[in-house]
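For reference, the structure is listed below as structure tokens.
Taken together, the values in this text are just the output of simple stated rules run on the coordinates, not laboratory data. Bear in mind that the values here come from a model prediction, so they are computed numbers and not experimental data. No Cβ is skipped: glycine too gets one built from the backbone with ideal geometry, and neighbour counts run over all protein chains shown.
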Amino acid sequence: MTKFKKIFLIILSIFVFISLWEGSIRLFSISNFLLPSPFEVLNSYVSMALSGRLFYHTWVTTVETISGFIFGALIGIVLGYLVSKSKTLDYILSPFIIAAQTTPKLALAPLFLIWFGFGIISKIFITTLIVFFPIFVNTAVAIKSINPNLKDLMKLVHANRWQVFKNLELPSSLPIIFAGLKSGITLAVVGAVVGEFVGANAGLGYLIIFGTGQLNTGIVFTAIVQLVLISIIFYEVVSAIGSRLMKWHHSEKDVHY
Amino acid sequence: MTSSQKIIYKVENLTKTFETARGKVDGLSNISFDVKTGETVVLVGPSGCGKSTLLRIFAHLIEPTKGKIIFKGKNDSHPKNSKFGYIFQRSTLMPWRTIIDNIVLPLEMKGEDKKTTYEKAKKLLKLLNLEKFEHYFPIDLSGGMRQRVAIARGLISDPPVLLMDEPFSALDEIMRQKLDFELLNIKKKTNNTIIFVTHSILEAVILADKIIIMGLNPNTVIGEKIIKLPERTPELLINPIFFKNVAETRKILEKGLKFI
């Protein structure tokens, strides 16, 4: 598909979506209490953007998301690597890791609030916890699924541990780790918003709660639109870093998620 | 091979037993044969007869349970000083490295000078008709080309010995025979001792100075066949002498394999 055609399709689908939205409001005369029209959302978005309020809340959520993502990714990659290398460590850690994943994060959020306060620290903790798991699992799988012939090859050329890591393990596992990072970054936004729902005084999640309290759906929708926008940007950034590091990889050639 | 009749490898009573969840499995039992310097020895046998296992023991990737491989008369079952190139069944190229970077890997890991290793790699690319593809990634090459790159990587450290584990088995027959003759050409220039594993009798006869025929249960040597042929060029494939050798090899194999 040509680049022009791709962009055209994306714009077309957004246009159709907005038309359906606007059309159904007029057709069924839905009150703007329940569902504001796209233009009302745009109006509210622009006025909040101009006042600087939107930027402030976006900034807070961004800091929470990115910090949580980085911590979660680092812990996930390091633990995933270690677990793939040591069966013993795998057995020692797996009950905790699975417990951490199966416990609903929403149930832990109030605890983090008590422990770390209403500020961004508690949100970063929740985000880290949510982000960690897919990256951890993907890293472990990636290292375990390295082509055994290539491992033999590294033995045959008497590569040392560091050489094996740098020349085989790292490049070989990048595609799968990046798949984990991609799902991790979208979960990171969810983590930050969940944290803000439970208790916060800033951030886009807080803005949603605030707008709901005021019965101001314009604010709520503005926050949602902004969340969608930053999620797309974060995802595309992670994706672009991945493509940059893996020019060789076939999944980067024509598949785009 | 009149110039060098010295024995480079002496395989003595080699036995390998694998411990699996279902008990012990015989990988190899009581294998003995000699490999002379400069000789091409081809191991032929049905799937599961342990020919790849044998090659992995040659490469020190696994240890034998019993017996030993004596290298150049030194009584050492683990001759680390034997230099060899190893070519895998499927091209084991690193997809994230360009062709030339794949080829230099063995020397790169030794920390050898970059400039000279690249020069060497370029010469090999020329030898294997791959000059144009220096900066390509493996995914952009056909299976046959990738296997040529794997051979170039095996040759980069000028090893006296090449260990080849069914290197062309994933290719179609036409490509396989083309590469067989290419390998013979390379050998004329480099004079390697080659130990080559295959399940194709045709391929074995094309390449071998000596064929070691292996059977199943027990996985051991059931016969040896010295191959003497006129010049080995593709015309060989329509030469009756060639087919006589194929038939004789096949006969040894069938005699040893009771179930055929």
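Given a cut-off of under 8 Å on Cα pairs at least six residues apart, what relative contact order in percent is computed for chain A?
Relative contact order of chain A: 25 percent.
Take the alpha carbon atoms of segment A:1-70, find their center, do the same for segment A:168-222, and report the distance between the two centers in whole angstrom.
With segment A:1-70 and segment A:168-222 each reduced to a Cα centre, they are spaced 16 Å.
Over chain B, calculate the relative contact order: mean separation of alpha carbon pairs under 8 Å at least 6 apart, over the residue count, as a percent.
Details: 479 pairs, mean separation 62.3, N = 260.
Relative contact order for chain B comes out at 24 percent.
Quick test of the membrane-span-like rule: which DSSP H helices of chain A reach at least 27 Å along their long axis (C-alpha atoms) with mean Kyte hydropathy at least 1.6? Each step should come with its number before you reach the end.
Values: long enough: A:3-27 (36 Å, 1.37); A:53-85 (48 Å, 1.08); A:120-144 (36 Å, 1.88); A:170-198 (40 Å, 1.57); A:217-245 (42 Å, 1.77).
In chain A, the long hydrophobic H runs are A:120-144, A:217-245.
For B:Val25 paired with A:His158, estimate the spin-label separation in nm (one decimal), with each label point 7 Å from Cα along the Cα-to-Cβ line.
3.2 nm
For chain B, modelled as a Gaussian network with Cα springs under 10 Å, which listed residue fluctuates most, B:Phe242, B:Phe168, B:Phe18?
Highest fluctuation among the options: B:Phe18.
Measure nothing fancy, just the Cα-based angle from helix B:99-109's long axis to the longest principal axis of chain B, in degrees from 0 to 90, nearest 10.
Orientation of helix B:99-109: about 70 degrees from the principal axis.
Take the Cβ-Cβ distance between A:Leu111 and A:Asn43 as r, set R0 to 51 Å, and report the resulting FRET efficiency rounded to the nearest 0.05. Show your work: numbers first, answer last.
Values: r = 40 Å, r/R0 = 0.78.
Computed FRET efficiency for A:Leu111 and A:Asn43 comes out at 0.80.
For chain B, give me the percentage of DSSP beta bridges that are antiparallel, rounded to the nearest 5 percent. Spell out each step's value before the answer.
Values: 21 of 39 bridges.
DSSP beta bridges in chain B are roughly 55 percent antiparallel.
Sorting A:Lys182, A:Lys5, B:Lys66 on the 10 Å Cβ count, fewest up front, what's the list?
Numbers: A:Lys182 19, A:Lys5 9, B:Lys66 14.
Neighbour counts put them in this order, fewest first: A:Lys5, B:Lys66, A:Lys182.
Let me know the mean shielding of B:89-97 by other chains, meaning the per-residue number of their Cβ atoms within 10 Å of its Cβ.
Working: counts 1, 2, 1, 7, 4, 9, 9, 12, 3.
Neighbouring Cβ atoms belonging to other protein chains average 5 per residue here.
Can you sort A:Leu245, A:Leu27, B:Leu207 from fewest to most other Cβ atoms within 10 Å of each residue's own Cβ?
On the way: A:Leu245 16, A:Leu27 9, B:Leu207 23.
Fewest to most other Cβ atoms nearby, the residues stand as A:Leu27, A:Leu245, B:Leu207.
Name all residues of segment B:84-128 having a backbone nitrogen under 11 Å from the label point set 7 Å from the Cα of B:Tyr136 along its Cα→Cβ direction, giving them as ranges.
B:99
Taking the Cβ-Cβ separation of B:Glu248 and B:Lys66 as r and a Förster radius of 35 Å, what is the calculated FRET efficiency to the nearest 0.05? Show your work: numbers first, answer last.
Details: r = 32 Å, r/R0 = 0.90.
Here the calculated transfer efficiency is 0.65.
Order these peptides, A:40-50, A:126-136, by their mean beta-carbon neighbour count within 10 angstrom, highest first.
Working: A:40-50: 16.3, A:126-136: 25.7.
The densest-packed peptide leads the list: A:126-136, A:40-50.
Cα axis of helix B:173-190 to longest principal axis of chain B: angle in degrees, 0 to 90, nearest 10?
The answer is roughly 80 degrees.
With charges set only on the Cβ (+1 for Lys and Arg, -1 for Asp and Glu), what does the dipole of segment B:95-229 come to about its Cα centre, in debye to the nearest 20? Don't skip to the end; give the middle numbers.
Working: 20 positive and 18 negative charges, 82 e Å.
Dipole magnitude for segment B:95-229 comes out near 400 debye.
Cβ neighbours within 10 Å, averaged per peptide: list B:22-35, A:60-73, A:97-110 in order, most packed at the top. Intermediate values should be presented prior to the final figure.
Values: B:22-35: 16.1, A:60-73: 23.1, A:97-110: 13.4.
Most protected by this proxy first, the peptides run A:60-73, B:22-35, A:97-110.
So, R0 is 22 Å and r is the distance between the beta-carbons of A:Lys144 and A:Ile232; what FRET efficiency does that work out to, to 0.05?
Working: r = 32 Å, r/R0 = 1.46.
Rounded to the nearest 0.05, the efficiency is 0.10.
Which residue, B:Ile195, B:Ile226, B:Ile206, has the most motion in a Gaussian network model of chain B that connects Cα atoms within less than 10 Å?
Judging by the Gaussian network model, the answer is B:Ile226.
Expressed in nm², what is the orientationally averaged projection area of the convex hull enclosing the Cα positions of the protein assembly as shown?
33.5 nm²
For chain A, give the magnitude of the charge dipole about the Cα centre (Cβ charges: +1 Lys/Arg, -1 Asp/Glu; no others), in debye to the nearest 20. Before the final figure, lay out each step's value.
On the way: 18 positive and 10 negative charges, 160 e Å.
Taking the Cα centre of chain A as origin, the dipole is about 760 debye.
Just the projected area, averaged over all directions, of the convex hull on the alpha carbon atoms of chain B: how many nm²? Show your work: numbers first, answer last.
Details: hull surface 59.9 nm².
About 15.0 nm², averaged over all directions.
Would you mind ranking A:Val220, A:Val193 by Cβ crowding within 10 Å, fewest neighbours first? The partial results should precede the final answer.
On the way: A:Val220 20, A:Val193 27.
So the ranking, lowest neighbour count to highest, is A:Val220, A:Val193.
Which is farthest toward the positive dipole end of the protein assembly as shown among A:Ile14, B:Thr193, B:Ser169, measuring Cα position about the Cα centre, with Cβ charges +1 (Lys, Arg) and -1 (Asp, Glu)?
B:Thr193
Nothing charged except the Cβ atoms of Lys and Arg (+1) and of Asp and Glu (-1): what's the magnitude of the dipole of segment B:119-169 about its Cα centre? Round to the nearest 20 debye.
Numbers: 8 positive and 7 negative charges, 36 e Å.
Rounded to the nearest 20 debye, it is 180 debye.
For segment A:37-254, evaluate the Debye formula with one uniform point scatterer on each Cα (no solvent term) and list log10 I(q)/I(0) at q = 0.08 Å⁻¹, rounded to two decimals.
Rounded to two decimals, the profile gives -0.36.
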